[in-house]
Amino acid sequence: MSVRRTRVVLAVGAVAVAAAAIAVAFTGTASAASTLGASAAEHGRYFGTAIAAGRLSNSQYSTIAGREFNMITPENEMKWDTTEPSQNNFQYGNAEQIVSFASSRGIRVRGHALAWHAQQPGWTNGMSGSTLRNAMLNHVTQVATHFRGRIYSWDVVNEAFADDGRGSRRDSNLQRTGNDWIEAAFRAARSADPNAKLCYNDYNTDNWNDAKTQAVYNMVRDFKSRGVPIDCVGLQSHFTGGSSYPSNYRTTLSSFAALGVDVQITELDITNANATAYANTVRDCYAVARCNGITVWGVRDSDSWRSNESPLLFDGNGNKKSAYNSVLSALNEGTPTDPSSPPPSSASPSSSGPGNGGSCTATVVPGQVWGDRYNTTVNVTGTNNWIVTVTLTSPQRVSTTWSGSFSWDSTGFVMTARPNGSGNSFGFTTMMNGNSGARPAVSCRTA
């Protein structure tokens with residue numbers, strides 16, 4: 001998606017019936033989380049927004065973005081025309097501004113988008129065949145390498161299927177380089193940034209019965225069967241008509257997840273910000289274990305590519321809308337991903353222990369400290385099948401996590417981390433809550 005282009009978004013289906021959700025407060029907390037990102041993090045998910053570098057100087061905009069969200073997607077700043085305006089001349093200034101804004105606040109970043117038929121630089125005009133293919137692959141490699149280790153997930157390929165009702169590939173200059181161009185882009189991205197999640201991202205793929213949805217599903221299934229490195233599918237979910245979204249939306253999410261990939265709602269906005277539709281979208285995501293999180297496409301209505309439809313959670317003056325309250329309530333209803341965990345450990349910050357498959361060592365690497373929070377990275381050696389227990393000191397709390405699968409015990413002060421395919425390091429942001437001296441203890445065992 002981009003604020004510099006337009007798109008036809010299909011109006012689909014009737015209102016999805018809200019699924020009953022058990023209201024469970026985050027274990028060990030006295031009250032529900034008060035921001036979108038904090039609530040999502042407590043349930044092992046993220047709630048993000050799209051950011052434009054040119055708006056970060058607006059204090060209202062940057063304050064809301066930094067306070068409310070724990071994932072950020074650059075709107076245009078990582079696209080081909082911006083990052084490589086002339087061939088092999090790479091410029092990352094605006095993208096780095098967004099990454100710096102996010103990392104200084106303990107917020108993760110989704111990279112958007114490495115290969116796309118739109119917003120290509122002018123120098124690609126007239127290129128075709130292997131010349132264009134090689135230029136695209138070089139671009140994917142250079143950009144993903146530049147940001148290696150700093151991106152949670154990449155939209156490797158964006159919008160490669162047509163809206164023709166037949167589920168066919170879009171006729172683009174990239175498609176004309178050969179039907180395997182998507183696979184080639186994913187393989188290049190994996191080599192360049194091996195620990196990032198690699199996603200295919202598209203719009204009008206929300207309704208399970210649509211030919212376009214089925215075509216993307218079949219591509220992902222084929223990729224998984226042949227070992228093509230794809231980790232996630234992004235559904236843009238630009239819903240129209242107020243509460244108009246497909247009644248089988250949850251089926252779509254769960255069906256993709258059943259292929260062994262994560263699902264991410266990447267560009268959510270809903271005409272007139274219908275509060276019920278927003279809440280039901282959250283509940284549908286929470287009902288699917290591999291739905292990692294949700295990103296709304298913009299901070300305030302005035303920042304939206306659909307600003308005349310008032311589709312976001314904050315109005316043009318930065319005020320929370322009723323949809324904001326419904327989303328936060330739905331996020332707080334969710335149950336932590338795995339409420340069970342081993343008992344607290346008294347191990348030192350670097351420790352090892354045996355398990356069923358030998359031993360492992362978890363080493364704490366202190367990160368940035370700012371304001372009322374600090375970052376921590378944990379590196380694990382000895383095995384790829386590890387379980388790390390992180391013990392906090394009250395009243396500190398983890399607000400954001402990355403590169404692992406996390407659960408908490410009933411006290412809320414003991415977090416268990418397991419691998420999620422992102423490598424043998426993970427990290428988290430801790431809110432001090434008045435205790436600025438304590439740091440977490442970790443212990444490691446094998447599964």
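Using only helices, what value at 222 nm comes out for the chain when you add -39,500 (n - 2.57) per DSSP H run of length 4 or more and divide by the total residues, to the nearest 500 deg cm²/dmol?
-7500 deg cm²/dmol
Once the Cα atoms of helix 181-192 and of the chain are each reduced to a long axis, what angle between those two axes, in degrees from 0 to 90 to the nearest 10, is obtained?
Between helix and principal axis, roughly 30 degrees.
Hey, can you rank 216-229, 176-189 by average C-beta count inside 10 Å, highest first?
Details: 216-229: 15.4, 176-189: 19.2.
Top to bottom by mean Cβ count within 10 Å: 176-189, 216-229.
Roughly speaking, what is the stretch gain from Ser436 to Thr251, that is 0.36 nm per residue apart minus the C-alpha to C-alpha distance, in nm to one decimal?
Working: separation 185, 0.36 × 185 = 66.60 nm, distance 4.51 nm.
Between Ser436 and Thr251, full extension yields 62.1 nm more.
On the accessible surface of the stretch 118-214, probed at 1.4 Å, how many percent belong to carbon and sulfur atoms? Could the numbers behind the result be given before it?
Working: 1540 of 3600 Å².
Carbon and sulfur atoms account for 43 percent of the accessible area of the stretch 118-214.
Classify the stretch 80-213 as rounded, prolate or oblate, taking a ≥ b ≥ c as the square roots of the eigenvalues of its Cα gyration tensor: rounded when a/c is under 1.5, otherwise prolate if a/b is larger than b/c and oblate if not. Provide the component values of the computation, followed by the final result.
Details: a/c = 1.93, a/b = 1.25, b/c = 1.54.
Oblate shape, in that a/c is at least 1.5 and b/c is the bigger or equal ratio.
Going Cα to Cα from Lys212, which lysines come in below 28 Å? Please leave out same-chain ones fewer than 8 positions away.
Qualifying lysines at Cα under 28 Å: Lys79, Lys197, Lys224.
Share of antiparallel DSSP beta bridges in the chain, in percent to the nearest 5?
Working: 44 of 79 bridges.
If I count the DSSP bridges inside the chain, around 55 percent turn out antiparallel.
Evaluate the charge dipole of the chain about its Cα centre and quote only its size in Debye, nearest 20, assuming +1 on the Cβ of each Lys and Arg and -1 on the Cβ of each Asp and Glu.
On the way: 36 positive and 32 negative charges, 116 e Å.
Rounded to the nearest 20 debye, it is 560 debye.
By DSSP, what percent of the beta bridges with both residues in the stretch 173-317 are antiparallel, rounded to the nearest 5? Present the calculation step by step, with values, prior to reporting the outcome.
Details: 1 of 16 bridges.
Close to 5 percent.
How big is the gap, in Å, between the Cα center of the stretch 363-394 and the Cα center of the stretch 209-283?
About 32 Å separates the Cα centre of the stretch 363-394 from the one of the stretch 209-283.
Beta carbons within 10 angstrom, averaged per residue: use that to sort the peptides 200-212, 65-77, highest first. Don't skip to the answer; put the middle values down first.
On the way: 200-212: 21.5, 65-77: 23.6.
Going by the mean number of other Cβ atoms within 10 Å, highest first, we get 65-77, 200-212.
Enter the Cα centre distance for the pair the stretch 429-447 and the stretch 35-67, rounded to the nearest angstrom.
Computed from Cα coordinates, the inter-centre distance equals 24 Å.
Nearest 5 is fine: what % of DSSP beta bridges in the stretch 65-160 come out antiparallel, could you say?
Values: 1 of 8 bridges.
Taking every DSSP beta bridge within the stretch 65-160, about 10 percent pair in antiparallel fashion.
Determine the shape class of the chain: with a ≥ b ≥ c the square roots of the Cα gyration tensor eigenvalues, call it rounded for a/c under 1.5, and otherwise prolate if a/b is greater than b/c, oblate otherwise. Mind showing how you got there, number by number?
Numbers: a/c = 1.55, a/b = 1.30, b/c = 1.19.
Verdict is prolate for the chain.
Rounded to two decimals, what is the ratio between the C-alpha radius of gyration of the stretch 210-252 and 2.2 N^0.38 Å? List each step's numbers first, then the result.
Details: Rg = 12.9 Å, N = 43, 2.2 N^0.38 = 9.2 Å.
Scaled against compact globular proteins, the figure is 1.41.
May I ask you to give the solvent-accessible area per residue for the chain, in square angstrom, as obtained with a 1.4 angstrom probe? Provide the component values of the computation, followed by the final result.
On the way: 15960 Å² over 447 residues.
Averaged over the residues of the chain, the accessible area is 36 Å².
Classify the stretch 211-284 as rounded, prolate or oblate from the Cα gyration tensor: take a ≥ b ≥ c as the square roots of its eigenvalues, call it rounded if a/c is under 1.5, otherwise prolate when a/b beats b/c and oblate if not.
Values: a/c = 2.58, a/b = 2.41, b/c = 1.07.
It comes out prolate by the Cα gyration axes.
What angle, in degrees between 0 and 90 and rounded to the nearest 10, separates the Cα long axis of helix 59-68 from the longest principal axis of the Cα atoms of the chain?
Roughly 60 degrees, rounded to the nearest 10.
At 7 Å along the Cα-to-beta-carbon direction for both Ser62 and Arg166, put a label point, then send me their distance in nm to one decimal.
So the two model labels end up 5.0 nm from each other.
Toward the positive end of the charge dipole of the chain, about the Cα centre and with charges on Cβ (Lys, Arg +1; Asp, Glu -1), which of Pro395, Cys444, Gln97 goes farthest?
Cys444
Between Thr381 and Ala118, 0.36 nm times their residue separation minus their Cα-Cα distance comes to what?
Details: separation 263, 0.36 × 263 = 94.68 nm, distance 4.26 nm.
90.4 nm is the gain from fully extending Thr381 to Ala118.
Tilt of helix 211-226 relative to the longest C-alpha principal axis of the chain, in degrees (0 to 90, nearest 10)?
60 degrees
The values are calculated or read from the model by the stated rules, or taken from the named source; none is laboratory data. Treat the numbers as computed from the prediction; the structure is a model and nothing was measured. Cβ: placed from backbone, ideal geometry, glycine included. Neighbour counts: every protein chain shown. Ligands, DNA and RNA are excluded from the accessible area calculation, which covers all protein heavy atoms including side chains. Shrake-Rupley method; radii C 1.70, N 1.55, O 1.52, S 1.80 Å.
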